[in-house]
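The values are calculated or read from the model by the stated rules, or taken from the named source; none is laboratory data. On a predicted model such as this, the values are computed, not experimentally measured, just so you know. Neighbour counts are summed over all protein chains in view; Cβ atoms, including those assigned to glycine, are modelled from backbone coordinates with ideal geometry. Surface accessibility is based on the protein's heavy atoms, side chains included, excluding ligands, DNA and RNA. Shrake-Rupley method; radii C 1.70, N 1.55, O 1.52, S 1.80 Å.
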Amino acid sequence: MAHLQKKKLKSHQLHFYIDRKHKTKTFPAGTPASIIHAEQKRIESQITLHKLGLRKFESEEKTNSITLAQLAERVAQARRNDVGAKTLKRNAHAMRLFLECVGAETSVADIRQEHIDQFKAWLDARRKGEDLYRKKRGINKELQQLRTIFRAGVDKGIIPEQHSPRIKLTKVDLDRKPGFLTKSEIIMMANQLSGDAKTAFWTIYYTGARRCEVARDTMKDVNGLKWKDVIWMRNVIRLYGKRKEKFQPLHPELRKILLSARREDWQPEAHVIALVGSTLTRYFRRALRDAGIEKPGAVHLLRHSAATRLLQETQNIRLVQRFLHHERISTTEIYAHVLD
């Protein structure tokens, strides 16, 4: 759609058509190739949206002058079919914080490193009283979401690449070991639970599932573990989360627990766990407190505990990687201290 032509004196020229009118854009000699290709991608994206009738083609000058609030709105609109609702919600939360810190009407073209440093200091002040590790992790999560928005703005042709700031994360101690429950603590915590909360407890412990793979966000949510996902004949359980599907072995003990929890009038589309995620977290935290266990975490603590148990029993970190469905072994290596 946009043809790049090399001219004399090492300059480049971009040729494209809008409404049957030929247009060109010239890049002077010495312009970095990354900027040239990013601008080509931006123009091609603008042309596509223009042809589809979704957004009128805008000149570079008009695009460059958008505010942070406009960027947030356009990126959210452009990504609504690309990512899940949870991701969009996290993006929007981080951007709201950034707008509160530096101002919604600030031009994207005016963003400098000072604004990013200002945002880091602002987040640090908001998290006063937290331990250093938790604070840094929390700040980095917001910075990662902010980085995603600016990168999406470039990829979708909303802003040119040179207006996307470099956002460096705060250095976090990578030697921190994940918390986990011992076998006796597992029993103590389980004894504090009943009903669906207890069923969810053992399901997470025996499958290493995340909370979103077992419980719904809201009662209207169609996600979450359903009875049709428990495949009795194949002795596996299907989990779906983070836009990925995975199958875990159905542990004999978990099979007994699920069979006893299944109602006689069960339906394939019915949810195994009727509780929503926030309620499940509240029950788990209360169970930890009542059991006298002083360890940070709640639902995800069980996922760590399942991985630790498997590594202790097998001494095989690759097996744990497959069990947790980590794409990179480096992610699983946080449990390597168990082998010491």
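Worth a mention:
- Two-decimal log10 I(q)/I(0) for the range 200-340, as the Debye equation yields it once each C-alpha is a single scatterer, q = 0.20 Å⁻¹: -1.33
- When the range 259-308 is reduced to its Cα atoms, the Kirkwood hydrodynamic radius in Å: 13.0 Å
- Shape of the range 217-266, Cα gyration tensor, a/c cut at 1.5: oblate
- Calculated FRET efficiency for the pair Arg166/Asp110, C-beta based, R₀ 22 Å, to 0.05: 0.90
- Cα extents of the chain along the three principal axes, largest first (Å): 74, 46, 37
- Extension reserve of the Lys21-Ala69 stretch, reckoned as 0.36 nm per residue once the Cα distance is removed: 14.1 nm
- Dimensions (Å) - the range 87-175, Cα atoms, principal axes, largest first: 39, 26, 24
- Kirkwood hydrodynamic radius computed over the range 142-218 comes to 16.8 Å, based on all pairs of distinct alpha carbons.
- Summed residue charge, Cβ within 10 Å of Gly138's Cβ, Lys/Arg positive, Asp/Glu negative: +4
- Calculated translational diffusion coefficient of the range 151-268 (25 °C, 0.890 mPa s; Stokes-Einstein with Kirkwood radius over alpha-carbon pairs) equals 139 µm²/s.
- Excluding ligands, DNA and RNA, the accessible surface per residue across the chain is 58 Å² with a 1.4 Å probe.
- Entry note, the range 244-340: relative contact order of 19 percent, from Cα contacts under 8 Å with a spacing of 6+ residues.
- A convex hull fitted around the alpha carbon atoms of the range 298-340 yields 65 Å³ per residue.
- Protein heavy-atom surface of the chain, 1.4 angstrom probe: 50% of the accessible area is carbon and sulfur, with nucleic acids and ligands not counted.
- For the chain, the Cβ-based charge dipole about the Cα centre amounts to some 660 debye (Lys, Arg positive; Asp, Glu negative; other atoms uncharged).
- Only one residue of Phe16, Val214, Pro252 has its Cα farthest out toward the positive end of the dipole of the chain, where Lys and Arg carry +1 and Asp and Glu -1 on Cβ, and that residue is Phe16.
- Cα-centre dipole for the range 144-254 with unit charges at Cβ (Lys and Arg positive, Asp and Glu negative), debye to 20: 320 debye
- Scoring 255-263, 294-302 by mean Cβ neighbours within 10 Å over their residues and listing the highest first yields 294-302, 255-263.
- Counting DSSP beta bridges with both ends in the chain, the antiparallel % (nearest 5): 95 percent
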